[in-house]
Amino acid sequence: MKLYKVTTTDRYNRNWVYTVSADSEREALWKVKANAISSGETVSIIEEVR
């Protein structure tokens with residue numbers, strides 16, 4: 001498992017950063033979407049934390 005940092009932006013242009021443990025970027029996105037992202041947020045960056 002690796003750590004991924006997922007950055008989202010809400011409709012008020014506030015940035016939110018989530019750090020999750022996952023096997024891939026796709027799984028990291030799924031975990032954040034399932035637990036944290038509301039319908040008004042968009043994902044802007046997914047990057048591996050080294």
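Rolling a 1.4 angstrom probe over the protein heavy atoms, how many square angstrom per residue are accessible across the chain?
Values: 3750 Å² over 50 residues.
Accessible area per residue: 75 Å².
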**Asked** In debye to the nearest 20, how big a dipole does the chain give about its Cα centre with +1 on each Lys and Arg Cβ and -1 on each Asp and Glu Cβ?
**Response** 100
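What full-extension length gain, to one decimal in nm, is calculated for MET1 and SER38 as 0.36 nm per residue of separation minus the Cα-Cα distance? Don't skip to the answer; put the middle values down first.
Numbers: separation 37, 0.36 × 37 = 13.32 nm, distance 2.54 nm.
Stretched fully, the MET1-SER38 segment lengthens by 10.8 nm.
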**Prompt:** With axes computed from alpha carbons, what is the tilt in degrees of helix 25-35 against the longest principal axis of the chain, rounded to the nearest 10 within 0 to 90?
**Reply:** 50
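Chymotrypsin sites (Phe, Trp or Tyr not before Pro), restricted to the chain: which are DSSP loop and have at most 16 other Cβ atoms within 10 Å? Can you show the working numbers first?
On the way: sites: TYR4, TYR12, TRP16, TYR18, TRP30; in loops: TYR12.
Loop-located and lightly packed - TYR12.
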**Net lengthening on full extension, ASP10/ASP23 (0.36 nm per residue, minus Cα-Cα)** = 2.1 nm
**Asked** log10 I(q)/I(0), Debye, Cα-only the chain, no solvent, q = 0.13, 0.26, 0.33 Å⁻¹?
**Response** -0.25, -0.92, -1.31
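The values are calculated or read from the model by the stated rules, or taken from the named source; none is laboratory data. Please read all numbers here as calculations on a predicted model, not as lab measurements. Cβ: placed from backbone, ideal geometry, glycine included. Neighbour counts: every protein chain shown. Surface accessibility is based on the protein's heavy atoms, side chains included, excluding ligands, DNA and RNA. Shrake-Rupley method; radii C 1.70, N 1.55, O 1.52, S 1.80 Å.
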